[in-house]
Amino acid sequence: MKQPLKTITMKETWLRPNRRALWFGTVPPLIVAVLGVWLAFGPQQLAAGWTYWLGALLIVAGLALVVTIVNQLRRPRLAYQQGQVLFYVRSGQPIAVPVRLVEGFLLSRGPAGLPVAGWRQKSVNLVARLAQRETDWAERDVNRSLARWQDGYVTLRGTWCEPLSEPLIRQLNQRLHEVTCQYAGG
């Protein structure tokens, strides 16, 4: 008996990360790695053997951080796959919410969520409203610098997303409507 072919659906990225911020974030670990190269292979290397090992440690640590940050460039903030809206708001796997529970997207203004003491900047944020009848989805633990998930609203901090605008929100809501209709059968 012939096995039915599995339908493979690709993940559809709806909202990308802030690429500029991520690339800028690679600068400090690159500086650490360059310092490590200087310590391990520079002119003072003959003076003490410990500088080689310290330099090697700094090279490995700096490059590992760069690879981690660059991997974040491939990780969307919001995506869709097989009837699920994927919220990438924590380490590891995204939180997959059934598309029928996502009612729409809105723009809001709120704290930028930057880890700088005393810096009170505002950013434009994306808010996803979830169905209020589904209280199981009202709260989730998320990375507080990326998002807030409370009372059935998921607020993605605009600081860590591609630039948010009204046309983008309209496009997201249009695509949400299409996949919701498709998932519901028409």
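Considering the conditions (1) modelled with pLDDT of 90 or more; (2) not in a helix (DSSP H, G or I), P28 is excluded by exactly one of them, (2). Picking from residues in region 20-38 that are loosely packed, with under 13 Cβ neighbours inside 10 Å and of a type in the set (F, W, Y), the one that is farthest from the chain's Cα centre (by Cα) is F24.
Determine, yes or no, whether A117 is more than 19 Å from the chain's Cα centre (by Cα) and modelled with pLDDT under 90. Give the steps one after another, and end with the answer.
On the way: more than 19 Å from the chain's Cα centre (by Cα): yes; modelled with pLDDT under 90: yes.
Yes.
Residue by residue through region 67-103, note down the ones that are out of contact with any Leu (no Cβ under 8 Å at 6 or more places or on another chain) and at negative phi.
In the first step, residues of region 67-103 are kept if they are out of contact with any Leu (no Cβ under 8 Å at 6 or more places or on another chain); the result is 67-68, 71, 74-75, 81-84, 91-93, 98, 100.
Hits for region 67-103 are V67, T68, N71, R74, R75, Q81, Q84, S91, Q93, P98, R100.
In region 141-161, what residues are of a type in the set (D, E, K, R) and surrounded by fewer than 17 Cβ atoms within 10 Å (Cβ to Cβ)?
From region 141-161, those of a type in the set (D, E, K, R) are 141, 144, 148, 151, 157; that's our starting set.
Within region 141-161, D141, R144, D151 qualify.
When restricted to residues that are in a helix (DSSP H, G or I) and modelled with pLDDT of 90 or more, region 132-180 contains 18.
For region 46-81, residues that are touching a Phe, Trp or Tyr at 6+ places or on another chain (Cβ under 6 Å) and over 19 Å from P94 (Cβ atoms) total 0. Residue pairs whose Cβ atoms lie under 9 Å apart, separated by 6 or more positions or on different chains, with the first residue in region 75-86 and free of Cβ contacts under 8 Å to residues at least 60 places away in the same chain and the second in a strand (DSSP E or B) and of a type outside the set (S, T, N, Q), are R75/P17; Q84/A96; Q84/V97; Q84/P98.
Counting only residues that are under 22 Å from S165 (Cβ atoms) and part of a loop (DSSP other than H, G, I, E, B), region 57-106 holds 6 of them.
Taking residues in region 165-186 that are in contact (Cβ under 8 Å) with a residue 40 or more places away in the chain, and partners anywhere that are assigned to a helix (DSSP H, G or I), the pairs with Cβ atoms closer than 6 Å and at least 6 places apart or on different chains are V179/V99; T180/V99; Y183/V99.
The values are calculated or read from the model by the stated rules, or taken from the named source; none is laboratory data. No experiment lies behind these values; they were computed from the predicted model shown. Using ideal geometry, Cβ is built from the backbone for each residue, glycine included, and neighbour counts are taken over all protein chains shown.
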